Amino acid sequence: MDANKVNGSGAGSKGSNEWRVKVGLAEMLKGGVIMDVTNAEQAKIAEKAGACAVMALERVPSDIRKEGGVARMASIKVIREIMATVTIPVMAKVRIGHFAEADVLQALEVDFIDESEVLTPADEENHIWKHDYRVPFVCGARNLGEALRRIAEGAAMIRTKGEAGSGNVVEAVRHMRAIVSQMKKLTTMRDDELMREAKELGAPLELIRQIAKTGKLPVPNFSAGGIATPADAALVRRLGAEAVFVGSGIFKSSDPETRAKAVVKAATHFEDPKAVLEAHEELGEAMRGLDVRQMEEKDMLSTRGW
Amino acid sequence: MSDRWRRRTCCRRADGKRFSSTFSLGVRGAACGALEGRCEVRGVRIGILAVQGDFEAHAAMLARLGAETVEVRTPAQLQGCDGLILPGGESTTQLQFLQEEGLADAIGKFAKQGGAIFGTCAGAILLAAEVRNPRQDSLKLLDMTVLRNAYGRQIASDVVNGPTKLKKQPLEMVFIRGPIIERAGPDLKVLAEYAGKPALVQRDNIMAATFHPELTDDTTVHEHFLRLVAVGTNHAAGSAIS
């Protein structure tokens, strides 16, 4: 699509054209559910259940947690098979700071790259400079400062960094509440207070000023980590998440197909308790969860990255 | 009813100021090239299908034009709408909600009763008579064949310009994993093209775009849709009086 291409990258109120199509794809995923899948068969189930995208992985987070070892970008063969099987967007994860893995995934032409704390970080100091890529990135954040640092690096979508593979929604709730309340606070501040807030949050002043005006992140704000039931999906949606990632929650449950569909339904009808009730009606046993408070700091995934 | 009719209406411009204008519209949504300025008809209510996709971007665009919008997730929420927008998103996801929750029937009925409909990207796919790459079911409200993800994956998504009948200047088009209208039936009017393929089509008061006008600052396409809504609303009012 090079013919008649609009020139003037960086010009215009909506930013460069590349940035617009990156955030544009994130916009298209709003209201939906993005599901972790480890093979083509699961991807097909997810698509049929109404997932708006899938995340191609070698192991779901709960297995990564159990088995330990170094978790890396998934095998190309697995990602390719999934890309060939479904028509919805396919995302894949890279280790924090591992820009060479990101280069590989861009060459593979995945639709979205997740620079994810679920994998073992490759760089404990630096995240990837995501503006260099044409493929959009999603990054995790526990609070507004972290979200804005990732956006400044070029993330086109933010998700909470709820404790992946725990089946426990508490961390995702904590992060979503933190992000939303910190944004609200900015809207009440005077111009001369915003610089101090930028310093406190460790975030660029320009983005802080923008949020003070709009009360919203400049990119879609999704939720991920520990979401295991339709009511979990409805909860984070009501707290401000514009879409939901479900990891281990679907394919580690006793009834993946029914559960996938039920979570999709609840994510859309999150404001209608009757619809969420209906979504729960048919469900079997959810994945077994972990109590995050019993976990040691070294076992927490959300503390990876900054 | 005469071929052309005149109507006086109150409009709100993008800058929020209200002004009155008198303009004429051709019946059945004939191109309104003679119209100038940013016109919106007060009192129309536009439903936006909000099961999944970029429904908020459409709502923001219509709010700029001063139209009242309502998110539609159930057949009941379609009641009282004069127009309906089928936003971008994933057509497989949207189709599932349409088929399983009675929305497909409700939208079919809405179209039959003369409601105006505008689908962008996934919405255009839902409106097509035939969907390929791969084959999938649809509402079949426009006689066209649409190929899904026809430009390739996200890396092929781009912002381009294409000629349009709605204004002199080319139209800015944001394609995101966009479809291509491979065949447009004889009763479809092509209002804009990109690379020799129809990108914006219309039959009566139903419109489809393979790109995302809601992701630009240009209100041209949505203004055109609001005019189609106004035509439909007036027909309904006219027939009730006569």
Any residue in the range B:112-129 that is free of Cβ contacts under 8 Å to residues at least 24 places away in the same chain and under 29 Å from A:Ala107 (Cα atoms)? no
Of the criteria (1) touching a strand residue (DSSP E or B) at 6+ places or on another chain (Cβ under 9 Å); (2) away from every other protein chain (no Cβ under 12 Å), which one A:Asn168 fails: (1)
The range A:57-66, subset open to solvent by less than 30 Å² (accessible area, probe 1.4 Å) and assigned to a loop (DSSP other than H, G, I, E, B), residue farthest from the other protein chains (Cβ to nearest Cβ): A:Val60
Index of the failed condition, A:Ala122 passing every other in (1) within 15 Å of the chain's Cα centre (by Cα); (2) over 12 Å from A:Asn221 (Cα atoms): (1)
When only residues in the range B:88-123 that are part of a strand (DSSP E or B) and closer than 22 Å to A:Thr268 by Cβ count, which is farthest from the other protein chains (Cβ to nearest Cβ)? B:Ile117
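Do the conditions hold for A:Gly140, that is, is it out of contact with any helix residue (DSSP H, G or I) (no Cβ under 7 Å at 6 or more places or on another chain) and closer than 30 Å to A:Glu296 by Cβ? Step through it out loud before you land on a result.
Details: out of contact with any helix residue (DSSP H, G or I) (no Cβ under 7 Å at 6 or more places or on another chain): yes; closer than 30 Å to A:Glu296 by Cβ: yes.
Taking the combined requirement at face value, the residue satisfies it.
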Out of (1) away from chain B (no Cβ under 14 Å); (2) surrounded by fewer than 24 Cβ atoms within 10 Å (Cβ to Cβ), what's the single condition that is false for A:Leu144? (2)
Subset of the range B:40-52, residues out of contact with any Cys (no Cβ under 8 Å at 6 or more places or on another chain) and at pLDDT 95 or above, comes to B:Ile48, B:Leu49, B:Ala50, B:Val51
Going by the conditions given, is A:Met287 more than 25 Å from A:Lys161 (Cβ to Cβ) and touching a residue at least 12 places away in the same chain (Cβ under 8 Å)? no
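Restricting attention to the range A:255-306, which residues are of a type in the set (Ser, Thr, Tyr) and either on the phi > 0 side of the Ramachandran plot or modelled with pLDDT of 90 or more (or both)?
Step one: of the range A:255-306, the residues of a type in the set (Ser, Thr, Tyr) are A:258, A:268, A:302-303.
Those that are of a type in the set (Ser, Thr, Tyr) and either on the phi > 0 side of the Ramachandran plot or modelled with pLDDT of 90 or more (or both): A:Thr258, A:Thr268.
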Taking interchain pairs and intrachain pairs at least six residues apart, which have beta carbon atoms under 6 angstrom, with the first residue in the range A:97-124 and open to solvent by 40 Å² or more (accessible area, probe 1.4 Å) and the second charged (D, E, K, R)? A:Glu109/B:Arg153; A:Ala122/A:Arg95
Given the condition over 25 Å from A:Ala43 (Cα atoms), within 16 Å of the chain's Cα centre (by Cα) and open to solvent by less than 10 Å² (accessible area, probe 1.4 Å), answer yes or no: does some residue in the range B:146-164 qualify? no
Taking interchain pairs and intrachain pairs at least six residues apart, which have beta carbon atoms under 9 angstrom, with the first residue in the range A:77-93 and away from chain B (no Cβ under 12 Å) and the second among the hydroxyl-bearing types (Ser, Thr, Tyr)? A:Val78/A:Thr38; A:Ile82/A:Thr38; A:Lys93/A:Ser116
Applying the selection to the range A:147-157, what residues are among the small types (Gly, Ala, Ser) and either within 14 Å of another protein chain (Cβ to nearest Cβ) or open to solvent by 10 Å² or more (accessible area, probe 1.4 Å) (or both)? A:Ala152, A:Ala156
Scan (1) within 22 Å of B:Thr219 (Cβ to Cβ); (2) more than 9 Å from chain A (Cβ to nearest Cβ); (3) of a type in the set (A, V, I, L, M, F, W, C) for the single condition B:Leu126 breaks and write down its number. (1)
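On the given criteria, is B:Leu188 closer than 19 Å to B:Leu126 by Cα, touching a residue at least 60 places away in the same chain (Cβ under 8 Å) and open to solvent by 10 Å² or more (accessible area, probe 1.4 Å)? Explain how you work it out, then say what you get.
Working: closer than 19 Å to B:Leu126 by Cα: yes; touching a residue at least 60 places away in the same chain (Cβ under 8 Å): no; open to solvent by 10 Å² or more (accessible area, probe 1.4 Å): yes.
It is false that B:Leu188 is closer than 19 Å to B:Leu126 by Cα, touching a residue at least 60 places away in the same chain (Cβ under 8 Å) and open to solvent by 10 Å² or more (accessible area, probe 1.4 Å).
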Considering the range B:196-214 alone, what residues qualify as being open to solvent by 30 Å² or more (accessible area, probe 1.4 Å) and either assigned to a strand (DSSP E or B) or of a type in the set (Asp, Glu) (or both)? B:Lys197, B:Arg203, B:Asp204
The residue that is farthest from the other protein chains (Cβ to nearest Cβ), considering only those in the range B:133-165 that are touching a Leu at 6+ places or on another chain (Cβ under 6 Å) and assigned to a loop (DSSP other than H, G, I, E, B), is B:Leu141
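The values are calculated or read from the model by the stated rules, or taken from the named source; none is laboratory data. It should be emphasised that the depicted structure is a prediction, and the values quoted were computed from it without experimental measurement. Counting neighbours? That spans all protein chains shown, and the Cβs are built from the backbone with ideal geometry, glycine included. Please note that ligands, DNA and RNA were not included when accessible areas were found on the heavy atoms of the full protein model with its side chains. Shrake-Rupley method; radii C 1.70, N 1.55, O 1.52, S 1.80 Å.
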